[in-house]
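Undergrad: Please read through the structure below; I'll follow up with questions.
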Amino acid sequence: MGILRSIISHLETPREDRPLGSGWLSGSLALLAGLAGLLIVLLRWYPETFSYPEIAFIHQNGIMTVVMRFLLLSGYALALLSLIIGRRKSLGWAALAVTVVASLMATTQPDTAGAPPQSLYFGLDYFIINVLVVGFLFVPLERFFPARSEQTVFRPEWQEDMFYYLISSMFVQVLGFITLAPANYVNANIDLDATRAWIASMPFWVQVLVIMAATDFVQYWVHRAFHTFPFLWNFHAIHHSTKKMDWLAGARMHFIEIAILRSLTAVPMFTLGFMPEAIQAYLLIVYFSSSFIHANIGWKMGFLERFIVTPRFHHWHHGSDRAAIDINYSSHFPIYDWLFGTHHLPDKGEWPEQYGVVGDTVPRGYWKQFMYPFSSKFRREPTPPPGE
């Protein structure tokens, strides 16, 4: 545990204490590459358990094998570079050890021939793709275009949000079943044939925009309900408890909130007759937009802020300033906040001063946060204002 704490402490080193050439960047990237390679090896060992059927083509085409080899080679090269140039060697040695273990495991594979097929699976490959694709896209953007330049990549509480990312990815099968349940009920009990025929006649991109508008309308009211009713707010407070915003912050959501939010917002998408290609395009858009609007990206988007949800718009929703309370519920189009009186976006380009839950009542740690809505003993005493 002491070694693990040393590694995490090294990862969270403030930017001013890890200048270019300190070995921090190469060591961090080496550790990430080694861990990702190790996860892919586990995926190759137990594909029936850890593979998500919807992306089976990635395994069939050998893409994951190529990615694994690239990651392991990168892990070796970057670990050695970190050990050569760095004063603190913990990251380099840890990355080298993980990469060696992953390489040794990659040369063998358990004999699972004749194993019975499994109906239950966990999306480890889904998690790997999430982290690699989204992380490698948004980490450089946050590094070069930050809204808050003092914020580091491995900010405080990043481990918790990465664990949330892992949980939501690994339980993708369970969440998928819950998500489709209300839509399946509507399809079985309500006649929507005329509406489906009309929507099916729309062009592809029009269908995508209609899905975005319909799901955002439902999500606006569900989201607002989580802020309005105390019982629901106890679940949503987990999402608001992060004090630093970045691409990982959107993953911090209580499992119950994920189930409610996804199942209700999916109803129009899976009941109104949209073509599968339009649904897939929407899911791809929302997949990236969720990370984008939480990201520490300070782009000035001018007139576009009137028409689409941007990082600055959504950061105000997460702010704990007085002006930031119960505003900006939309996820795609701010027009719903305009129509229903909850829009707030200062004209001068200001950002919130601070983030988090007012009073700082949410504890740290996944399991304490999971129990937070169910028992008051897991809630902190409200933090007094400064000076009191």
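Computed from the coordinates by the stated procedures, all read-outs in this text should not be read as laboratory data. In this text, all values refer to a predicted model and were calculated from it rather than measured experimentally. Quick reminder, even Gly has a Cβ in these numbers, built from the backbone with ideal geometry, and neighbours come from all protein chains shown.
Undergrad: Going by average Cβ density within 10 Å per residue, which order do the peptides 172-184, 283-295 take, highest to lowest?
TA: 283-295, 172-184
Undergrad: How compact and how long is the chain, expressed as Rg and Dmax of its alpha-carbon atoms in Å?
TA: Answer for the chain, Rg first and Dmax second: 22.5, 69 Å.
Undergrad: Restricting to DSSP H runs of at least four residues, report the calculated mean residue ellipticity at 222 nm for the chain, -39500 (n - 2.57) per run over all residues, nearest 500 deg cm²/dmol.
TA: Helix-only estimate at 222 nm: -18500 deg cm²/dmol.
Undergrad: Please state the relative contact order of the chain as a whole percent: Cα pairs under 8 Å, 6+ residues apart?
TA: Relative contact order comes out at 15 percent.
Undergrad: Sticking with this one: Between A197 and F163, what is the label-to-label distance in nm when each label sits 7 Å out along the Cα-to-Cβ direction?
TA: A separation of 5.4 nm, rounded to one decimal place.
Undergrad: Can you figure out the FRET efficiency of A77 with A213, using R₀ = 41 Å and their beta-carbon distance, to the nearest 0.05?
TA: Result of the calculation: an efficiency of 0.30.
Undergrad: Also, I was wondering about something else. Report the gain in length on full extension from W233 to I279: 0.36 nm times residue separation, minus Cα-Cα distance, nm rounded to one decimal.
TA: 13.6 nm
Undergrad: Put a dot 7 Å past each Cα toward the Cβ at R143 and K89; how far apart are the dots in nm?
TA: 2.5 nm
Undergrad: Answer rounded, prolate or oblate for the range 292-338, using the Cα gyration tensor with square roots of eigenvalues a ≥ b ≥ c: rounded when a/c is under 1.5, else prolate when a/b is larger than b/c, else oblate.
TA: Since a/c reaches 1.5 but b/c is at least a/b, the shape of the range 292-338 is classed as oblate.
Undergrad: How many nm is it between the label spots at F370 and V66, if each spot is 7 Å from the Cα in line with the beta carbon?
TA: Rounded to a tenth, the inter-label distance reads 3.8 nm.
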